[in-house]
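What follows is a short report on a single structure.
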Amino acid sequence: MELKRKYGASLKEKLRDPAFFIEEIMGIKLTYFQKEWLDLVENNDYVSIMAFRTCLDENTLVFDRNGNCMKIKDYPNAWFSGVLDAYKVTFEDKSQLLCTYNHRLFTEKGFLPLCKIKNERIAILKEFPKFGDDILEGNLNIFVNMFRTDNINFRFKITNNLAKLIGYLTSDGYFNKAIKIGQSIKFTNTNKKLIDEVKYLVKTEFPELVTKEYKKGKGYDLIISTGQKVCFPNRLRIIGKLLDFDDRFPRKVFNFSKENVCYFLNRLYAGDGCIYISKKNYVSITLSCGLSKQFALYVKMLLKKLGIHSYIKRRKSKLNDKIYDDEFDVKIEKAEDILKFFENVGFIYGKESKSKQAYEIALKQLEKYPNLHNLDDIFKPPRNDGELMKWVKIKKIEYVGKRKVYDI
């Protein structure tokens, strides 16, 4: 009766709409994409049916159309599908995907569920050069006194120097956790050159803050604080809160401009990266991500924005002949990706000599073997926002047990 009073004569027509029936009669709230798919199904749209039930592990990282990166469970229009059997799909380029057996992948024959794919090549993302405007903005509740907390809108422009400083504090810094528990921000490294640049960056961007350097074993601790002064608000701490950290990684970096993404990566690798060159001229660029695989996945996605392919390697950490928990590295090995890294990110600060040597070796390898990569394997999808896709084959499928999975 309530619906009849609310909609009157139009109720009969509205009941023919499946979305209206599900929400008003069954009481189930639909997401935007569920409503969109219902419309497509009503119109007998083939693609909508093929795209349905794309279940991915809850921690799978996805891009939105603006180039922001997040876990699928945090995607605004994603919904929880349940706890289902999941499989780890490893591709020939060492990329991996956690999904259900009926997750549909785009192949050379069109969309096929994972369980029906045999030798078909799969399309995966190669590059998504969608960058932001360097604006960091948001509302935060700021403690004023015991009787008052103000909700304030903050807006910062990310400069080159600020992008470098965020890269340093993300790598060898005590940044996100320090902000959470109210302690001083800290940067630790054995390279005095890096310590000195961090001091310069703080002085340039935050002249109201002070830095204190302490010798610690073979390295240095650099404490960043207000000193004896009262700085309200502490801008560096505010920026830290707005950066939206997840597993130590500042997700708002995905909204930086290309130039500042490169500055961030350069100083990130300056802190925790290394360049390996063997006697036989095998070259790799590695970033140590500690115990966090999720951190490594964010770095991998950020590199994809620049078209740089990397993969994650799990290793056991060792100290004083004792083996500890698994640690994760992001590795770049192919000559074309090494060249692209240095051409975009530049020679790593504090490791310029090794960077130049690695660049020259990779350049010679590509000149000697110009057909290392088949350009026919790269293509633009029909609905295109600048991304490039590439064809790869599945190398291995492993059952990994029950996982929480989401749909988009």
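Annotations for the structure displayed:
- Take the conditions (1) assigned to a helix (DSSP H, G or I); (2) at pLDDT 95 or above; (3) among the acidic types (Asp, Glu); residue 329 misses just one of them, which is (1).
- Residue satisfying condition, being under 17 Å from residue 62 (Cβ atoms), modelled with pLDDT of 90 or more and either among the aliphatic types (A, V, I, L, M) or not assigned by TED's automatic domain parsing to the domain that holds residue 297 (or both), within set 126, 94: 126
- Considering region 96-112, the residues that are part of a strand (DSSP E or B) and within 13 Å of residue 86 (Cα to Cα) include one that is farthest from the chain's Cα centre (by Cα), namely 99.
- For region 12-69, filtering for residues that are of a type in the set (Asp, Glu), out of contact with any helix residue (DSSP H, G or I) (no Cβ under 7 Å at 6 or more places or on another chain), part of a loop (DSSP other than H, G, I, E, B) and at pLDDT 75 or above leaves 2.
- Among the candidates 236, 303, 291, residue that is over 23 Å from residue 345 (Cα atoms) and in a helix (DSSP H, G or I): 236
- Every pair of residues 6+ apart whose Cβ atoms lie under 8 Å, when the first sits in region 132-158 and is surrounded by 14 or more Cβ atoms within 10 Å (Cβ to Cβ) while the second is of a type in the set (Gly, Ala, Ser) and modelled with pLDDT of 90 or more: 132/67; 132/257; 134/257; 154/138; 158/257
- Identity of the residue in region 64-100, acidic (Asp, Glu) and touching a strand residue (DSSP E or B) at 6+ places or on another chain (Cβ under 6 Å), that ends up surrounded by the fewest Cβ atoms within 10 Å (Cβ to Cβ): 92
- Exactly one residue out of 185, 181, 195 is modelled with pLDDT under 95 and surrounded by 16 or more Cβ atoms within 10 Å (Cβ to Cβ): that is 185.
- Residue within region 259-271 that is surrounded by 16 or more Cβ atoms within 10 Å (Cβ to Cβ) and either part of a loop (DSSP other than H, G, I, E, B) or at pLDDT below 95 (or both) present: no
- Residues located in region 219-235, provided they are closer than 13 Å to residue 183 by Cα and modelled with pLDDT of 85 or more: 223, 224, 225, 226, 234
- Within region 186-223, the set of residues being of a type outside the set (D, E, K, R), under 27 Å from the mean Cα position of the chain (by Cα) and assigned to a strand (DSSP E or B) comprises 187, 188, 189.
- Qualifying residue in region 131-151 (condition: among the hydroxyl-bearing types (Ser, Thr, Tyr) and either touching a Leu at 6+ places or on another chain (Cβ under 7 Å) or closer than 30 Å to residue 340 by Cα (or both)): no
Residue-wise test of (1) at pLDDT 95 or above; (2) crowded, with 17+ Cβ neighbours inside 10 Å.
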position	(1), (2)
334	no, yes
344	yes, yes
355	yes, yes
371	no, no
386	no, no
407	no, yes
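The values are calculated or read from the model by the stated rules, or taken from the named source; none is laboratory data. None of the values given here were measured: they were computed from a predicted structure. In this analysis, Cβ positions are derived from the backbone assuming ideal geometry, glycine residues included, and neighbour counts consider all displayed protein chains.
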